[in-house]
Amino acid sequence: MNSLARVVRWATRPLVIDRDDAIGASERLSALTSLASSAEYLTLAEQMERGGPNDWSIHRDAYRGSHVITRTGLDAVSRPRTTHRLHQLRVALAASLLLPGRGRWRGVANLALVATGAGLYPRHRYGTDGSDQVAVQSQAAMGVARIARLPSVQDTMLWYLGGQATLSYAVSGWVKLLGPSWVEGSALTGIMRTVTYGHPTAHRLAARHPRATKRLVHGVLAMECLFPLVYTPGGRLVRPVLAATNAFHVSNGVLMGLGRFVTSFASMHPAVAYTSAPKRLMPHRDDRFLRTLSAGAVVAGGVAAAAAWNRRSVVRRGWPESRTFTTSRGNTLSYSLAAGEQDLPLVVLEPGLLSTHEVLGWISESLTARGRHGVLGYYRAGCGASERHATGEYSLEESVDDLVDLLRHVAGERRVVLVGHSLGGEIARRAAHRLGPDVSAVVYLDSSHPSELTRSQVQRESGEQLSRQLGSVATSLRLGMGMIMKAPDWVVDLPALYRRTVAAHFTDARLWTTALREWDATYRDFLAHDGPVADLPVPALVVSAGRTISEDPVQDELHEDLARSHRGADGPVRRITVDRAEHLSFVTDPRYVHQVTAALAEFLDELSAADAPALRGVPS
């Protein structure tokens, strides 16, 4: 008992470390991370060659919307010889920081690692991970501390790094709580069976002992969520908490191959120990950073609230020409209508999951410019200016009912062409069955298929994670994080008229909350479906994105099934593939979308020639 008491007393004592030792330990551990990282890239240089996972000729497309100076700089850094030389330089800099010393040159070396790391980051989209990002945080803080040499500045940097560590663990833990696999305790088993991070022996053990695995998973959650307890008065929990986190990282290094995580996250722990020690033991420590941080938090909260209000006002106001309609479900839909020629079908745009009709802006603009077919764009209930008032659990049929009601209200005697992207294609298909002869045609743009989860392993695996991802972002945005969230890069590819509105939607919680509701219902619905879709004897155009087909051949079969379901149509049934286009880029990127709009225009003209429009009343 005396031995146990001594161990407990030792474990609950504050971990006291002086300023210079904290700075030295932090920069050496982060230097080890950078040394290992650059040595790895030098060893695997073939990954940067043409066709490799880090082929710059492909990755540079992600930065085509950046400033010309940025693109020029990235092109220069990403030349193979330059990249190689920079990694050699990083190896030398990191190695030098392992030597003894306290001079300002160490600060210069740290900041040089930060600069070269930031410059090379876009070059290595595959392989760069959280360990490199944490190392940059540590090196930036310690670089400033070394160069300034003022105790107050050094303490501020150590407080900053300690705060980063606390946020890293706590945010990671609380976000995991949004994922059912972590709450249920099955996350570890799932990770251990993956190709990238898996470990066969660990997977077998986890599957064999589910109760012990669940306790272990919950222990990880508790460790991350409760990490801020290191700052409990008296510093009595810092030793056990840091011991637990280091054990966690060592386990990840052994089982998942994430060795660099051990040194990178450990590089923040000296700052945690230094700042968590009681003030009576650290009389010379400057704690003004805490007061400044508190004041800054109040100001940032006010700015975030104002920014969120501004985004929500953009999202909710709709367009000047927008109108509203209340459906039989009680939902109020906001829609915009370009009338076109009354004797031609009305083209109805149905966007995909986590999307609005503005994302199909190039298609809308193309059709409007032709001046023939009318175009209807609307927000599904819960998106934009549309409100969801329906009671009970949401299902896809609710969106189908809303669309059918809206078309019965708007179309009048006109027939309609339903154009659906992604999930919108499935909603359009179901609405077409309901509308019957009043549908002139259905256009599927890389459409979802109700059997995709049961037939495609790729879709099933990504679908399992999607709810957690949508929920995490929605929660973050509700907490005011939209101010620091960057709109997707592809927004700059849209017509200028729609960019600000789409950016506002994607940084507002409203769109993500609606997407989460829609996906949860879709996931349940699709898991219950297996087999071909029902025949729909109306003309159709099925457009597939080339990358969708090449990355998951099952999608080719599913899209063929969609086309085959229209075989009894009295009119054209066409299927095309847009080479190299991705699921979203082929409706947003002008390099691909012109092929889609050209195919759609040709299809509409062929449709008109094959079947002269006849006016029909839409049944009430």
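Plainly put, the stretch 162-280 has a radius of gyration that is 1.01 times its Kirkwood radius, both from alpha-carbon atoms, as the Rg/Rh ratio.
Pairs of alpha-carbon atoms within less than 8 angstrom and 6+ residues apart define the contacts here; what relative contact order does the chain have, in percent? Walk me through the numbers on the way to the answer.
On the way: 1000 pairs, mean separation 77.2, N = 620.
12 percent.
Looking at the stretch 311-609, I'd like the Rg to Rh ratio, where Rg is from alpha-carbon atoms and Rh is Kirkwood's inverse mean 1/r.
Computed over Cα atoms, the ratio is 0.93.
Whole-percent P(r), the stretch 19-149, all Cα pairs, 5 Å bins from 0: 2, 11, 21, 21, 17, 13, 9, 5, 2, 0.
Ranked from highest to lowest mean number of other Cβ atoms within 10 Å per residue, what is the order of the peptides 7-17, 562-572? Could you put the intermediate results ahead of the total?
Values: 7-17: 13.7, 562-572: 16.9.
Ranking, from highest mean packing down: 562-572, 7-17.
Qualifying trypsin sites (Lys or Arg not before Pro) in the stretch 108-159, where qualification requires a DSSP coil assignment and no more than 12 other C-beta atoms within 10 Å, comprise Arg149. Note on Lys486: lysines with a C-alpha under 23 Å away, same-chain residues under 8 apart excluded, are Lys176. Residues whose amide H comes within less than 5 Å of that of His421, counting only those at least five positions distant or on another chain, are Glu350, Gly352, Leu445 (H built at 1.01 Å from N in the peptide plane).
State the extension gain, in nm to one decimal, for the chain segment bounded by Ser172 and Arg64, taking 0.36 nm per residue of separation less the distance between their alpha-carbons.
35.7 nm
Evaluated on the stretch 76-232, the Kirkwood hydrodynamic radius is 18.6 Å, with distances taken between all distinct Cα atoms. The alpha-carbon atoms of the chain define a convex hull whose volume equals 179 cubic angstrom per residue.
Cut-off is 10 Å between beta-carbons; in what order do Val410, Val68 appear when sorted fewest neighbours first? Before the final figure, lay out each step's value.
Values: Val410 20, Val68 7.
By the 10 Å Cβ count, ascending, the order reads Val68, Val410.
With K and R counted +1 and D and E -1, the other residues having a Cβ less than 13 Å from that of Arg85 yield a net charge of +4. Residue ranges 388-396, 361-369, 323-331 sort as 361-369, 323-331, 388-396 when ordered by packing (mean number of other C-beta atoms within 10 Å per residue, highest first). Helix 590-610 axis versus longest C-alpha principal axis of the chain: approximately 20°, rounded to the nearest ten. If both residues of a DSSP beta bridge must be in the chain, then about 25% of such bridges are antiparallel.
A simple packing score, the average count of other Cβ atoms within 10 Å per residue, orders the peptides 451-458, 297-304 as 451-458, 297-304, with the highest score first.
Restricting the count to DSSP beta bridges whose residues both fall in the stretch 311-609, what percent are antiparallel, rounded to a multiple of 5?
Values: 9 of 33 bridges.
In the stretch 311-609, DSSP labels about 25 percent of beta bridges as antiparallel.
When the chain is described by a simple charge dipole with +1 on each Lys and Arg Cβ and -1 on each Asp and Glu Cβ, the residue from Ala118, Gly392, Ser313 located farthest towards its positive end is Ala118. Over the stretch 138-206, the fraction of Cα-Cα pairs per 5 Å bin, rounded to whole percents and listed from the shortest bin up, is 3, 15, 14, 12, 11, 10, 9, 10, 9, 5, 1. Segment Ala244..Thr332, full-extension length gain: 26.5 nm, with 0.36 nm per residue of separation and the alpha-carbon distance subtracted.
With R₀ set to 25 Å, the beta-carbon distance separating Arg211 from Ser462 gives a calculated FRET efficiency near 0.30. A helix-only calculation puts the chain at -19000 deg cm²/dmol for mean residue ellipticity at 222 nm, using -39500 (n - 2.57) for each DSSP H run of at least four residues, averaged over all residues. The angle separating the long axis of helix 553-564 from the principal Cα axis of greatest extent in the chain is about 20 degrees.
Relative to the dominant Cα principal axis of the chain, helix 210-225 is inclined by about 70°. Less than 5 angstrom separates the built amide H of His566 from those of Leu536, all sequence-distant by 5 or more or on a different chain. Legend: ranking of residues Ser78, Ser264, Ser251, Ser386 from fewest to most surrounding C-beta atoms inside 10 Å; resulting order Ser251, Ser78, Ser386, Ser264. Annotation for the stretch 31-93: chymotrypsin sites (Phe, Trp or Tyr not before Pro) lying in DSSP loop with at most 16 further Cβ atoms inside 10 Å of their Cβ do not exist.
With a 10 Å Cβ neighbour count serving as the proxy for reagent exposure, in which order, fewest first, do Thr189, Thr43, Thr356 appear? Don't skip to the answer; put the middle values down first.
Numbers: Thr189 20, Thr43 10, Thr356 25.
Sorted ascending by nearby Cβ count, the order is Thr43, Thr189, Thr356.
A short reminder: the numbers here are calculations on the coordinates, not readings from a lab. All of these numbers come straight from a predicted model, not from anything done at the bench. Note that we place each Cβ from the backbone using ideal geometry, even for glycine, and neighbour counts take in every protein chain shown.
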